[in-house]
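Below: the structure, in structure tokens.
The values are calculated or read from the model by the stated rules, or taken from the named source; none is laboratory data. On a predicted model such as this, the values are computed, not experimentally measured, just so you know. Positions of Cβ are generated from backbone atoms using ideal geometry, with glycine treated the same way; all protein chains shown enter the neighbour counts. For the accessible areas, the whole protein counts, side chains as well, though only heavy atoms, and no ligand, DNA or RNA atoms are used. Shrake-Rupley method; radii C 1.70, N 1.55, O 1.52, S 1.80 Å.
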Amino acid sequence: RKLLEVLEDPSISNKNKPDCKTEEEAKKVGLALLRFGLIHASEVADKKKRELRPVRSADFSADGYYTWIYEGSKTMRNILLGLLVFSIAAMCLFPIWPARAKVGIWYFSV
């Protein structure tokens, strides 16, 4: 219900928010979001834990529960993964490091 209220509210202005003057237009936007996979229909799995479970539904209703799954940017994850691989490779190759580098690591650790 809140999605429809936000879409219909003229006081909330945003360049990315579509202008919906009626509830039917807001329902069409909700259906489009559902069909393009930007939101997912959900049902209550456990009321005590306030847990929702995604379900396959192609219909948009005003009283339904919908979740938005956002993964975010993967850039930081990729950088940290590269750093981890490089660090492990450097530790495995420690026996073939030059003597000065080994002594430097020893002084740094003590």
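Summary of computed values
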| read-out | value |
| --- | --- |
| Test: residue in the range 16-24 that is part of a loop (DSSP other than H, G, I, E, B), over 22 Å from the mean Cα position of the chain (by Cα) and among the β-branched types (Val, Ile, Thr) | yes |
| Qualifying residue in the range 34-54 (condition: under 18 Å from residue 2 (Cβ atoms), in a helix (DSSP H, G or I) and either open to solvent by 60 Å² or more (accessible area, probe 1.4 Å) or in contact (Cβ under 8 Å) with a residue 24 or more places away in the chain (or both)) | yes |
| Single match in 102, 27 (criterion: part of a helix (DSSP H, G or I), in contact with a Ser or Thr (Cβ under 9 Å, 6 or more places away or on another chain) and basic (Lys, Arg)) | 27 |
| Answer residue from the range 56-72, given it is surrounded by 10 or more Cβ atoms within 10 Å (Cβ to Cβ) and part of a loop (DSSP other than H, G, I, E, B) and is modelled with the lowest pLDDT among those | 57 |
| Whichever residue in the range 73-110 is charged (D, E, K, R) and open to solvent by 100 Å² or more (accessible area, probe 1.4 Å) and, among such residues, is nearest to residue 37 (Cα to Cα) | 77 |
| Residues of the range 2-17 classified as open to solvent by less than 50 Å² (accessible area, probe 1.4 Å) and under 20 Å from residue 59 (Cα atoms), total | 2 |
